[in-house]
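Read through the structure below, which is laid out as structure tokens, and then see the notes.
The values are calculated or read from the model by the stated rules, or taken from the named source; none is laboratory data. Bear in mind that the values here come from a model prediction, so they are computed numbers and not experimental data. With ideal geometry, Cβ positions are generated from the backbone for all residues, glycine too; neighbour counts draw on all protein chains shown. In case anyone asks, the SASA skips ligands and DNA or RNA and just uses the protein heavy atoms, side chains included. Shrake-Rupley method; radii C 1.70, N 1.55, O 1.52, S 1.80 Å.
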Amino acid sequence: MTVTASRLHLSDIAPTVIQSEIRAMSVECDRVGGINLAQGICDTDLPQLVAAGAVDAIESGFNIYTRLDGIAPLREVIAHKLASFNGMTVDPATEVLVTNGATGALYASLLALLNPGDEVLLFEPFYGYHVSTLVSLRMKPVPVALAAPDWQLDLDAVRSAITPRTRAILVNTPSNPSGKVFGQTELEAIAALAIEHDLFVFTDEIYEHFLFDGEKHISLATLPGMADRTITISGLSKTFSITGWRIGYLAAAPQWIAAIGYFHDLTYICAPAPLQHGAAAGLRGLADTDFYANLSTEYQAKRDELCAALTDAGLTPSIPAGAYYILADASKVPGTLARDKARNLLVSTGVAAVAGSAFFRPGRGEHLLRFCFGKKPGDLTRACDQLRKLA
Ligand SMILES: Cc1ncc(COP(=O)(O)O)c(C=O)c1O
């Protein structure tokens, strides 16, 4: 009898797209009852009018599918916000797509615009989902290292990473995990390369309202020649502390939006209908208030509190300019690999962090741990007290 290999098996890429180290640490943290500074779950309270807007929508019967590009009132306030905060002029009818988070926005954009085998440049340290999303779509992520400790852009490295297969550059500003905020000169240089090599640019601007020490957020789409080739992605998960709602959006030229919208429809149909109303109520009601400036002030204080504790503990932090993560040097924590260091830190202090290696190519980032400060004040202070035990 001939033995044939079973046809019941995983896809070729399934073994390479593994569960994120972030989720694994959260599971471990729950098991030991620790304080979770691993996952960017942002467990702070959402604004009251965002919650009320969603509850009203549910009670008023907005519980069925919406148009695939999202409800008009939400697209309109997004366009208004893109004009007032980002300096972008977009038509809410043809250039805005409401998505299932920034995650759904990137997934649908890549499906609509790129092909298997296409190369996409991104900056290292990177957000693991960006890499895994590209890999799962059979595209090739090409990491370009930013130089520690202040994550300088090496333009020559970017230039030499471009090949005939390169189709796009992915820019995450402010960045997870480094907290880097790309400046005007750096973005102009990236834009010049994108134009020279005729590349798309995907931006992930989900942390655009988390800016410290007077940093300014610049959207690449506003630079000359970039509007038609940039897919601007953002969302409300972080800004309104509604990571579980799955409300994000993207802005792009109409010739791309139609195809992206269709792929988003295939995967998700639409973003959750009543929650779109809640997000619209928030964007409308909080425009022209000090809500956004307060976010930066509040998170800068949290950053400073955690950086001080890490310094006291001997885990030298790289001070982030934006977002809400800190990469810290964990050389003194026992363990050869960063994942062992993360587990040892959890055992010795009860604080969960993520292995730095999750944000780098294999063999890099093994001395680093990433800590999230998007936390309720009491939990953050308790975590800081626990970390100081290492001192
Ligand atoms: C850089 C970055 N992009 C996107 C996301 C997820 O965004 P969303 O909840 O809108 O899908 C995260 C969450 O941690 C993130 O860090």
Residues being in contact with a helix residue (DSSP H, G or I) (Cβ under 8 Å, 6 or more places away or on another chain), assigned to a loop (DSSP other than H, G, I, E, B) and closer than 23 Å to Leu113 by Cβ - total across the range 177-204: 2
Subset of the range 249-273 [touching a Leu at 6+ places or on another chain (Cβ under 9 Å) and among the polar types (S, T, N, Q)]: Thr267
Total residues in the range 243-271, condition at pLDDT 95 or above and within 11 Å of the ligand (Cβ to nearest atom): 7
Qualifying residue in the range 169-183 (condition: in the same structural domain as Pro224 (by TED's automatic domain parsing), out of contact with any Ser or Thr (no Cβ under 8 Å at 6 or more places or on another chain) and over 24 Å from Lys238 (Cα atoms)): no
Qualifying residue in the range 285-295 (condition: away from the ligand (no atom under 16 Å from the Cβ), among the acidic types (Asp, Glu) and part of a helix (DSSP H, G or I)): no
Subset of the range 254-269 [surrounded by fewer than 20 Cβ atoms within 10 Å (Cβ to Cβ) and of a type outside the set (Val, Ile, Thr)]: Pro254, Gln255, Ala258, Ala259, Tyr262, Phe263, Asp265, Leu266, Tyr268
Residue among Pro164, Pro92 that alone is over 30 Å from Ala38 (Cα atoms), more than 18 Å from the chain's Cα centre (by Cα) and without any contact (Cβ under 8 Å) to a residue 12 or more places away in the chain: Pro164
Residue match in the range 45-63 (condition: open to solvent by less than 80 Å² (accessible area, probe 1.4 Å) and within 16 Å of Arg339 (Cβ to Cβ)): no
Residue that is nearest to His277 (Cα to Cα), among those in the range 41-59 that are part of a helix (DSSP H, G or I) and out of contact with any Gly (no Cβ under 6 Å at 6 or more places or on another chain): Ala57
Verdict on Thr103 being open to solvent by less than 80 Å² (accessible area, probe 1.4 Å), touching a residue at least 60 places away in the same chain (Cβ under 8 Å) and under 19 Å from the mean Cα position of the chain (by Cα): yes
Among (1) over 27 Å from Ala258 (Cα atoms); (2) over 20 Å from the mean Cα position of the chain (by Cα); (3) away from the ligand (no atom under 16 Å from the Cβ) - the single one Val50 does not satisfy: (3)
Among the residues listed as Gly128, Gly34, the single one being more than 15 Å from the ligand (Cβ to nearest atom), modelled with pLDDT under 95 and either within 22 Å of the chain's Cα centre (by Cα) or crowded, with 20+ Cβ neighbours inside 10 Å (or both): Gly34
Residues of the range 190-249 classified as free of Cβ contacts under 8 Å to residues at least 40 places away in the same chain, open to solvent by 10 Å² or more (accessible area, probe 1.4 Å) and farther than 24 Å from Gly101 by Cα, total: 9
So Val98, is it within 13 Å of the ligand (Cβ to nearest atom) and not hydroxyl-bearing (Ser, Thr, Tyr): yes
